[in-house]
Amino acid sequence: MKNLLLVLTLLFFSFSVYSQSDKTIDSLKLLIESAPNDSTGVRKILKLSNKLRHKNVEEAKKYVKRALELSETLKFQLGIADANNLLGMLLTQEGKYAESLECNRIAIPIQLKMKDDFGLSRSYNGMGSVFYMTYNLDSCINYFLLATTLSEKMKNLTAMKSLYSNLAVVLEAKQNFPRSLEFHKKAVELEKAENDVVGLAESYINMSVLYTKTNEDSTALWYLDRAFETLNELHDTLRLINVYSNYSVIYDKRKQYDKALDATKTALNYAIAINNEENLAYSYLNVGDTYMKMKNLEEAEKYYFLSIPLCEKMDLKKCLMDAYNGLSEVYSDKENYKSALFYKNKYVAIKDSTDKQLYSENMLEMETKFDVERKEREIALLSKDKLVVNAELEKRKGWISFFAALVIAFVVLSLFIIRTNINRKKANLLLVKLNSSLTASKDEIALQKEIVEEKQKEILDSIHYAKRIQKALLPSEKYIEKNIEKYKGK
């Protein structure tokens, strides 16, 4: 069956995954040689490893292991967590899913303890990516949702865009198309707001896959055309492989096999040009599927066989299963039933081993969840103890504050009383002086009164004395009146 190629983002949020030119990488290598053996040095090594992961996985692993060793020597916990997270991502790229889960299993308890939401979101995304690759879609969704919740809390728009897209892809694989479309639209809204043309093109590729699965081929083609316009202008060969592969699926559904073959071969030529072995494996498989639909058994057989070595090298189990199944159908149509059975058994063997691996990974996931929950309980207990201690400290602080307030109030009251007493004494002294002054004034007034009264008595006595003299010398009123009458009679 021909594969629709989705774009799933494996995130390492700390560092940009773009601008990975040889010049940039060489500059980082020079910086690392002179970098100190401290936490700054660890981060520089991790940055180099992250840039190398799209060019040379083995070299990237060499540097990330160096960063891990240095972090362990320094007991730099966040460095240990980040190094394990990035190593897990590199192992996922190699198809070593159990080892990848183990790396994230080491990182998560450290990040929980350190309350490193940023790192924790990376680890949850890493776990989700592993479970997507191993078709454990329920666990994949759970971990992507955990990562999304943390990214939304931090308002990390770059992570939110990628996680919305990832959730849309997984929900689509679960046939939950309405919910998948919701997350696609969320991603597109952020990508348009930030003018993220590459991210927008990736979302359009994924939305075309959704509409292809819901038999809305015209809408699917519209989204592929929009993605093609952007990616062709950017000369983004890697993503153009996805576009042409998905064109071929739509043409294949419409039984337009010639167009489907042209599209798959264009995707194959792009994969050969950039020597991308994973895309080469899927492109050979898709060309084989197209030839199988066209009943060209010889060409189908040829391309299935070209796909198999790459699938084995890259540990692409699903691609390998499809190639073996395709060969089984080719030989069945050729009536070579022995070979048909041989490749069908190979198909079944891989399917069984994948199921067993899935079981092992489910067990590992359960152990991881148990460890995480145990660590969370320990952290919760420590937090509870801390809360109790803090409450006791707050209580003591309350009593100290209360007694301090009492002392301050007592001092203020004492100062007030002392100042009042001083003011009262000053007032009393002033009153005494005033009373003394008033008493002296009163005595002075009494003395003056006595003098005035004495003078008045002397004056009155003089007047009385003069009056007596006057009376003695002058005739009486009767005498005067009598003589006046006599005078008038004459």
Being surrounded by fewer than 24 Cβ atoms within 10 Å (Cβ to Cβ), among the small types (G, A, S) and farther than 23 Å from L316 by Cα is the requirement here; does A187 meet it? no
Only listed residue being within 14 Å of the chain's Cα centre (by Cα), assigned to a helix (DSSP H, G or I) and without any contact (Cβ under 8 Å) to a residue 12 or more places away in the chain, chosen from T149, T158: T149
Within segment 212-261, can you find the residues that are surrounded by 15 or more Cβ atoms within 10 Å (Cβ to Cβ), over 19 Å from V188 (Cα atoms), small (G, A, S) and under 39 Å from the mean Cα position of the chain (by Cα)? S245
From the list L74, L68, L78, exactly one residue is under 17 Å from V42 (Cβ atoms), among the hydrophobic types (A, V, I, L, M, F, W, C) and free of Cβ contacts under 8 Å to residues at least 24 places away in the same chain. Which is it? L68
If you check K96 against the conditions, is it touching a residue at least 60 places away in the same chain (Cβ under 8 Å), surrounded by fewer than 20 Cβ atoms within 10 Å (Cβ to Cβ) and out of contact with any helix residue (DSSP H, G or I) (no Cβ under 8 Å at 6 or more places or on another chain)? yes
Criterion: surrounded by 14 or more Cβ atoms within 10 Å (Cβ to Cβ) and either out of contact with any Asp or Glu (no Cβ under 9 Å at 6 or more places or on another chain) or under 27 Å from A267 (Cα atoms) (or both) - qualifying residue of Y337, Y304: Y304
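Condition check ((1) closer than 21 Å to S203 by Cα; (2) touching a Ser or Thr at 6+ places or on another chain (Cβ under 6 Å); (3) modelled with pLDDT under 90) across all residues:
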| residue | (1), (2), (3) |
| --- | --- |
| G79 | no, yes, no |
| T92 | no, yes, yes |
| I108 | no, yes, no |
| K113 | no, no, no |
| G119 | no, no, no |
| N136 | no, no, yes |
| S139 | no, no, no |
| T148 | yes, no, no |
| S162 | yes, yes, yes |
Only one of N325, N279 is modelled with pLDDT under 95 and surrounded by fewer than 22 Cβ atoms within 10 Å (Cβ to Cβ), namely N325
Working only within segment 99-115, note down all residues that are of a type outside the set (G, A, S), without any contact (Cβ under 8 Å) to a residue 60 or more places away in the chain and either at negative phi or buried (at least 20 other Cβ atoms within 10 Å of the Cβ) (or both). E99, C103, I106, I110, Q111, M114
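Let me confirm something: among V372, V389, V330, which residue is in a helix (DSSP H, G or I), more than 26 Å from T92 (Cβ to Cβ) and at pLDDT below 60?
V389
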Considering (1) over 16 Å from S328 (Cα atoms); (2) touching a Leu at 6+ places or on another chain (Cβ under 9 Å); (3) crowded, with 24+ Cβ neighbours inside 10 Å, say which one T264 fails and leave the rest. (2)
For segment 46-67, which positions are closer than 17 Å to S27 by Cβ and either of a type in the set (S, T, Y) or assigned to a helix (DSSP H, G or I) (or both)? L46, K47, L48, S49, N50, K51, L52, E59, A60, Y63
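The values are calculated or read from the model by the stated rules, or taken from the named source; none is laboratory data. Because the structure is predicted, anything quoted here is derived from the model rather than measured. Cβ coordinates were reconstructed from backbone atoms using ideal geometry, including for glycine residues, and neighbour counts include every protein chain displayed.
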